[in-house]
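Everything on this sheet refers to the single structure shown next.
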Amino acid sequence: SLQFRTAPGTIAVVDGATAAEANRSVQTSTADVVIINSGGRTLSPEEQIQLAGWLGDPQVVAVGPKILLRDRTVREAGWVVADGEARACGFGLADATIPFLEVAREASAIGGDFLAIRRNQFLGAGGFDTSLSTTHAGVHMSLRLRQNTGGVCVVEPSVTLSLPDSETWTPSVSASGFA
């Protein structure tokens, strides 16, 4: 079973409004664990530890928070893969209405807007695919790491963040070749 442990080494929050910016930020960081922040609110030190601490478990390859939209509906609480597509878990549901979304749990993938990951695994996997949005680049990175390592992704809903609504964001993406 998965266990929250002490984060493996140093933690840095890096900026990445686009996948290319996230790649540059991770490359220039010297931290062992990076938390990619695509422009949402600043994470407290406690929230950073809540996310990064899961990476102390060697099985865990990526960790993300629960992300809400301005209207307090869920944008994503991890991603699930079904029928060749990755879909944002909980999308459109009112916050705190589904108990399942309130507990730390495994997910198929984590979106790239807020993603805690070991820097060496991020770089070893080639970074984010810059042809994708940051969110979808994170999903593909998570799926690639799971496929290559046999590891798991974790959603930590004790860290809940709000992001502005985005007209270009979609709650699903092709998972072909990664699922």
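The values are calculated or read from the model by the stated rules, or taken from the named source; none is laboratory data. None of these values were measured; they are calculated from a predicted model. Here the Cβ is made from the backbone with ideal geometry for all residues, glycine too, and neighbour counts use every protein chain on show. Areas reflect the complete protein model, heavy atoms only, side chains present, ligands, DNA and RNA absent. Shrake-Rupley method; radii C 1.70, N 1.55, O 1.52, S 1.80 Å.
Here are the numbers for this structure:
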read-out	value
Search result, residues across the stretch 144-156 that are in a helix (DSSP H, G or I) and either open to solvent by 20 Å² or more (accessible area, probe 1.4 Å) or modelled with pLDDT under 95 (or both)	144, 146, 147, 148, 149
Pairs, first closer than 14 Å to residue 154 by Cβ in the stretch 40-62, second among the basic types (Lys, Arg) and open to solvent by 10 Å² or more (accessible area, probe 1.4 Å), C-beta under 8 Å, six or more apart	53/5; 54/5; 55/118; 56/5; 57/5; 61/118; 61/146
Single residue of the stretch 1-11 satisfying the filter (in contact (Cβ under 8 Å) with a residue 24 or more places away in the chain and either out of contact with any helix residue (DSSP H, G or I) (no Cβ under 7 Å at 6 or more places or on another chain) or outside any loop (DSSP other than H, G, I, E, B) (or both)) that is surrounded by the fewest Cβ atoms within 10 Å (Cβ to Cβ)	3
Qualifying residue in the stretch 150-170 (condition: of a type in the set (A, V, I, L, M, F, W, C) and more than 23 Å from residue 47 (Cβ to Cβ))	no
Residue count for the stretch 101-123, restricted to those that are open to solvent by less than 10 Å² (accessible area, probe 1.4 Å) and outside any helix (DSSP H, G or I)	8
Tally of residues being outside any loop (DSSP other than H, G, I, E, B) and either within 15 Å of the chain's Cα centre (by Cα) or crowded, with 20+ Cβ neighbours inside 10 Å (or both) across the stretch 74-100	9
Within the stretch 44-64, considering residues that are open to solvent by 10 Å² or more (accessible area, probe 1.4 Å) and hydrophobic (A, V, I, L, M, F, W, C), the one nearest to the chain's Cα centre (by Cα)	54
Test for residue 24: is it free of Cβ contacts under 8 Å to residues at least 24 places away in the same chain, open to solvent by 20 Å² or more (accessible area, probe 1.4 Å) and basic (Lys, Arg)	yes
Residue match in the stretch 57-68 (condition: modelled with pLDDT under 95, on the phi > 0 side of the Ramachandran plot and part of a loop (DSSP other than H, G, I, E, B))	no
Unique residue being touching a residue at least 60 places away in the same chain (Cβ under 8 Å) and not small (Gly, Ala, Ser) when the list is 123, 93	123
